[in-house]
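Colleague: Pasting a structure below so you can have a look.
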Amino acid sequence: MKYIVKGIETVPLLLDGLVTTLLICGLASVLALAGAILIVAARRSGKRLLVWSVTVYVTLMRGLPIVILVFLLYFGMPALLDLGRVSAFWVGVIALAMNGAAFQSEVLRGAIARLPKGQTEGGYALGLSKYQLWRLVLTPQILPIALPALAGEVGFLIKASPVLSLITVVDLTRRSQQVTMQTFDPLGPLLAACVLYFILIGSIAWASRYLEGRLTVGRAR
Amino acid sequence: MQSATQQPESKAHDIAVSLCQVSKWFGAFKVLQDINLEVRTGERIVIAGPSGSGKSTMIRCINWLERHQKGKIVVDGIELTDNNKNVDAVRRDVGMVFQHFNLFPHLTIIENCTLAPMWVKKVPQSLARDTALEYLEKVRIADQAHKYPSQLSGGQQQRVAIARALCMKPKVLLFDEPTSALDPEMVREVLDSMVQLAKDGMTMLCVTHEMGFARQVADRVIFMDRGEIIEENAPTEFFANPQHERTKAFLSQIVH
Ligand SMILES: Nc1ncnc2c1ncn2[C@@H]1O[C@H](COP(=O)(O)OP(=O)(O)OP(=O)(O)O)[C@@H](O)[C@H]1O
Ligand SMILES: [Mg+2]
């Protein structure tokens, strides 16, 4: 009980770490979704080289521990390209986005595969353009299918983000460690970080369920 | 059907659809073999033939859902080529009704019917809705306008699909086995709507096994086998007097 109170008391000290985590994960998720859409588009392009490259990319990203990717971008790439010091914050955003794009593209691909058959030809037969087909017919059906899994991927990114502590990003995890060093309390800051991560991930799950309900509204099925 | 104010070459438009020496391959397999077919405006054609004979592929070439690799397809004076403008123009003129309806499940019935007119033809919403209700009325389903497709029976969904196609005011309607996915008791209501259309003078190409429908409305029955049109005739002749062995074999299986 004492520890819980202490943990909660420590929460305000961690807020700037929370903001960093939020910023990095928010930016990374948006970029990841954009990347995922490009990957899916490339996969569907039918252009051999393009399909092949993004397939390799997705396989690599899914197989690569995210720490290695972060180290490659933070230490490896600047050395290779002679860049000097790079921003740990942006490396964090880019690493999580690169990883997230691969996973989210698989989610989108799965959702597209679950569309009822005949939607595309139904749209084309009515004279819709490709853009209109995707905007008016396919995307509104893909979203509710993909949303829970996409939210899961965002949660996954948040849980992966503490790895950025290793490259000097003062995120929620690293901030809790700093507080520990200042207060010599090993437990309180960690508990506080726990609570904040839980709230963060929980609210994403909640928001996705809410949105899913809104998106499927009226559709009896 | 023909408007009075047409240019001298309007005679070409008496032909709604023409296929000339059309061939298509799936890989090494030749699905369509030098198909020749001319459909006059207002004509009603029923296409029959055994499974896999290329019936669907042929009519799907007419609105570019499948591409032919050889020969020439002209719809209402527009040749189907890689040119996107032509494809768009042809698709605006040609409606299609599918075996599995292909309604949009996330849209209500009325939204299914107004989507294409509003986005493709830029018809104002209120006008599009009026038109949609008119056609829904015609297929006797206007009272369901605000439901979603999944709330309707198969027969009702197929009638919505017909109304949806009509809302684009097409010059030609293609049907690909519109009743084969339906429970038997729902076939009649869909056929009734199709008969009504035929009476209104719509140019129709129907792939169907409903030989009663063929007898009732078709001007010509076309029999396909292995990618070829091997026989075509007026329905009475076609059923009474099939010429080709394969036609006879097919009819003996299907008509009883
Ligand atoms: N996308 C495709 N790729 C390869 N082969 C195909 C494809 N679509 C159809 N075929 C083949 O082409 C042939 C003709 O098919 P089609 O669907 O046109 O026949 P159908 O006459 O409509 O038959 P059914 O009565 O079963 O609908 C069949 O042998 C079929 O297996
Ligand atoms: Mg077929």
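Colleague: Restricted to the stretch B:185-241, and to residues that are within 16 Å of ligand 2 (Cβ to nearest atom) and touching a Lys or Arg at 6+ places or on another chain (Cβ under 7 Å), which residue is nearest to the other protein chains (Cβ to nearest Cβ)?
Modeller: Among those that are within 16 Å of ligand 2 (Cβ to nearest atom) and touching a Lys or Arg at 6+ places or on another chain (Cβ under 7 Å), it is B:207.
Colleague: Next question, about the same structure. Restricting to the stretch B:29-54, and then to whatever is in contact with an Asp or Glu (Cβ under 8 Å, 6 or more places away or on another chain) and among the charged types (D, E, K, R), can you tell me which residue is farthest from ligand 1 (Cβ to nearest atom)?
Modeller: My answer is B:40.
Colleague: Looking only at the stretch B:74-108, filter to residues that are among the β-branched types (Val, Ile, Thr) and away from every other protein chain (no Cβ under 12 Å); which one of those is nearest to the chain's Cα centre (by Cα)? Reasoning before the result, please.
Modeller: If we filter the stretch B:74-108 for residues that are among the β-branched types (Val, Ile, Thr), which is where we start, we get B:74-75, B:78, B:81, B:87, B:90, B:94, B:97, B:108.
Narrowing further to those that are away from every other protein chain (no Cβ under 12 Å): B:74-75, B:78, B:81.
Working: B:74: 16, B:75: 13, B:78: 18, B:81: 20 Å.
Checking each candidate, the answer is B:75.
Colleague: Take the conditions among the polar types (S, T, N, Q), touching a residue at least 12 places away in the same chain (Cβ under 8 Å) and either within 14 Å of chain A (Cβ to nearest Cβ) or more than 16 Å from ligand 1 (Cβ to nearest atom) (or both) and apply them to residue B:252. Does it pass? Before the answer, list the steps.
Modeller: Numbers: among the polar types (S, T, N, Q): yes; touching a residue at least 12 places away in the same chain (Cβ under 8 Å): no; either within 14 Å of chain A (Cβ to nearest Cβ) or more than 16 Å from ligand 1 (Cβ to nearest atom) (or both): yes.
So residue B:252 fails the test.
Colleague: Looking for whichever is part of a helix (DSSP H, G or I) and under 23 Å from residue A:105 (Cβ atoms) here; the options are A:33, A:22. Which one fits? Don't jump to the end; show me each part of the working.
Modeller: Numbers: A:22 fails: under 23 Å from residue A:105 (Cβ atoms).
So the residue among A:33, A:22 that is part of a helix (DSSP H, G or I) and under 23 Å from residue A:105 (Cβ atoms) is A:33.
Colleague: Next up: How many residues are surrounded by fewer than 20 Cβ atoms within 10 Å (Cβ to Cβ) and in contact with a helix residue (DSSP H, G or I) (Cβ under 8 Å, 6 or more places away or on another chain) if we restrict to the stretch B:39-60?
Modeller: Of the residues in that region, 3 qualify.
Colleague: Of these, B:225, B:176, B:192, which one is without any contact (Cβ under 8 Å) to a residue 24 or more places away in the chain and among the acidic types (Asp, Glu)? Steps first, please.
Modeller: Working: B:225 fails: without any contact (Cβ under 8 Å) to a residue 24 or more places away in the chain; B:176 fails: without any contact (Cβ under 8 Å) to a residue 24 or more places away in the chain.
The unique qualifying residue is B:192.
Colleague: With the structure loaded, tell me whether residue B:172 is hydrophobic (A, V, I, L, M, F, W, C), surrounded by fewer than 24 Cβ atoms within 10 Å (Cβ to Cβ) and within 14 Å of chain A (Cβ to nearest Cβ) or whether it fails that test. Quick ask: steps written out before the conclusion?
Modeller: Details: hydrophobic (A, V, I, L, M, F, W, C): yes; surrounded by fewer than 24 Cβ atoms within 10 Å (Cβ to Cβ): yes; within 14 Å of chain A (Cβ to nearest Cβ): yes.
Here the answer is yes, as residue B:172 does meet what is asked.
Colleague: Give me the pairs: first residue in the stretch B:46-59 and over 17 Å from residue B:203 (Cα atoms) and within 14 Å of chain A (Cβ to nearest Cβ), second residue in a loop (DSSP other than H, G, I, E, B) and within 7 Å of ligand 1 (Cβ to nearest atom), beta-carbon distance under 7 Å, and six or more apart or on different chains, which are they?
Modeller: none
Colleague: What are the residues in the stretch B:158-169 that are in contact (Cβ under 8 Å) with a residue 60 or more places away in the chain and within 12 Å of chain A (Cβ to nearest Cβ), if any? Spell out the reasoning first.
Modeller: Applying the first criterion (in contact (Cβ under 8 Å) with a residue 60 or more places away in the chain) to the stretch B:158-169 yields B:158, B:161-162, B:164-166, B:168.
B:161, B:164, B:165, B:166, B:168 - these are the residues of the stretch B:158-169 that are in contact (Cβ under 8 Å) with a residue 60 or more places away in the chain and within 12 Å of chain A (Cβ to nearest Cβ).
Colleague: While we're on this one: In the stretch A:81-122, how many are in a loop (DSSP other than H, G, I, E, B) and hydroxyl-bearing (Ser, Thr, Tyr)?
Modeller: Here the count works out to 1.
Colleague: I'd like to know if the stretch B:86-95 contains one or more residues that are closer than 30 Å to residue B:144 by Cα, within 16 Å of ligand 2 (Cβ to nearest atom) and touching a residue at least 12 places away in the same chain (Cβ under 8 Å).
Modeller: Within the stretch B:86-95, not a single residue is closer than 30 Å to residue B:144 by Cα, within 16 Å of ligand 2 (Cβ to nearest atom) and touching a residue at least 12 places away in the same chain (Cβ under 8 Å).
Colleague: Which is within 21 Å of the chain's Cα centre (by Cα) and surrounded by fewer than 20 Cβ atoms within 10 Å (Cβ to Cβ), of A:83, A:166? Steps first, answer last, please.
Modeller: On the way: A:83 fails: within 21 Å of the chain's Cα centre (by Cα).
Answer to the selection: A:166.
Colleague: Next up: Could you check the stretch B:40-61 and list, in sequence order, the residues that are part of a helix (DSSP H, G or I) and in contact with a Lys or Arg (Cβ under 7 Å, 6 or more places away or on another chain)? Steps first, please.
Modeller: At the first step, the residues of the stretch B:40-61 found to be part of a helix (DSSP H, G or I) are B:55-61.
Matches in the stretch B:40-61: B:57, B:61.
Colleague: Could you grab me the full set of residues in the stretch A:42-71 that are of a type in the set (A, V, I, L, M) and under 19 Å from the mean Cα position of the chain (by Cα)? It would help to see each step written out before you state the result.
Modeller: As a first pass, look at the stretch A:42-71 and keep what is of a type in the set (A, V, I, L, M): A:42, A:49-51, A:54, A:56, A:58, A:60-61, A:64, A:66-70.
Answer for the stretch A:42-71, where residues must be of a type in the set (A, V, I, L, M) and under 19 Å from the mean Cα position of the chain (by Cα): A:54, A:58, A:60, A:61, A:64, A:66, A:67, A:68, A:69, A:70.
Colleague: Going through the stretch B:69-85 one residue at a time, which ones are among the β-branched types (Val, Ile, Thr), more than 16 Å from ligand 1 (Cβ to nearest atom) and touching a residue at least 24 places away in the same chain (Cβ under 8 Å)?
Modeller: Taking the stretch B:69-85 as the starting set, the residues that turn out to be among the β-branched types (Val, Ile, Thr) are B:73-75, B:78, B:81.
Cutting the leftovers down to more than 16 Å from ligand 1 (Cβ to nearest atom) gives us B:74-75, B:78, B:81.
Answer for the stretch B:69-85, where residues must be among the β-branched types (Val, Ile, Thr), more than 16 Å from ligand 1 (Cβ to nearest atom) and touching a residue at least 24 places away in the same chain (Cβ under 8 Å): B:74, B:75.
Colleague: Select from the stretch B:24-38 the residues that are more than 25 Å from residue B:219 (Cα to Cα) and surrounded by 13 or more Cβ atoms within 10 Å (Cβ to Cβ) and list them in ascending order. Walk me through it before giving the result.
Modeller: Filtering the stretch B:24-38 down to residues more than 25 Å from residue B:219 (Cα to Cα) leaves B:24-31.
The answer is B:24, B:25, B:30, B:31.
Bear in mind that the values in this text are calculations on the coordinates, not laboratory data. Remember, it's a predicted structure, so these values are computed and weren't measured experimentally. When we count neighbours, we look across all protein chains shown, and the Cβ atoms used for this are built from the backbone with ideal geometry, even at glycine.
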